[in-house]
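Read the figures in this text as sums done on the coordinates, not as results from a lab. No experiment lies behind these values; they were computed from the predicted model shown. Methodologically, a virtual Cβ is constructed for each residue, glycine included, from the backbone with ideal geometry; neighbour enumeration extends over all protein chains shown.
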Ligand SMILES: [Zn+2]
């Protein structure tokens, strides 16, 4: 895209930097929150994998497999393959944080099983959002090169907004998964454990809010730079 050197003569680059800082702060916060509550062993003594298997079973979901993947906080649920992947730090840990993260991913499996509408919408938008993010900037650049071709530039900005739409639809999906997780886990957690799990899941949700804000700021920058009609 553009290098930070552009900030010197493009004041709107400031918006990109705000977005970067927000994303980094959110990611730092989720990591430190996870590390903090990874120290607290859940009283039930179950691992993330145990918790996931238990929740899936309790929810009557029999077609989802639980597996392990490498990486840190790479936990995810894949609706296409019906695989719930837990990172090693979640899968084998008996901490409050690990159980919370595992339960959150189960929340996605429950959304899938119950045809939760925002999740369906999110899945439907994925290809559009991918096209949008890969084509928008090239189109805008070509538009600028072709003496500010407004049609190309506007299509480029419109395509970029698809990426934002995807991130906005992601928000209810993520918040709802955590809400489901807390509800299901509530019975198995102690009074002290519930707020800990809530903090971990809220921190994780904030990374999605930061990502959406960052994309919004980038879109705003594109509109400020190229959105207006130019005479030249
Ligand atoms: Zn999630």
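One table, with the values for the structure above:
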quantity: Debye log10 I(q)/I(0) at q = 0.13, 0.16, 0.30 Å⁻¹ for region 29-78, Cα point scatterers; calculated: -0.41, -0.61, -1.18
quantity: All Cα pairs of region 63-121, percent lying beyond 16 Å; calculated: 40 percent
quantity: Max mean-square fluctuation residue, GNM over the chain, Cα-Cα springs under 10 Å, options 135, 159, 86; calculated: 135
quantity: Protection proxy ranking of 194-200, 23-29 - average other beta-carbon atoms within 10 Å, highest first; calculated: 194-200, 23-29
quantity: Estimated distance in nm for a label pair at residue 63 and residue 202, the labels positioned 7 Å out from Cα along Cα-to-Cβ; calculated: 3.7 nm
quantity: Gaussian network model of the chain, springs between alpha carbon atoms under 10 Å - residue of 30, 64, 173 with greatest fluctuation; calculated: 64
quantity: Binned Cα-Cα distance frequencies in region 1-136 - 10 Å width, integer %; calculated: 11, 29, 30, 19, 9, 2
quantity: Principal axis box of the chain, alpha-carbon based, largest edge first, Å; calculated: 68, 34, 27
quantity: For region 102-203, alpha-carbon Rg and Dmax in angstrom; calculated: 19.5, 65
quantity: Förster radius 45 Å - calculated FRET efficiency between residue 14 and residue 81, Cβ distance, rounded to 0.05; calculated: 0.60
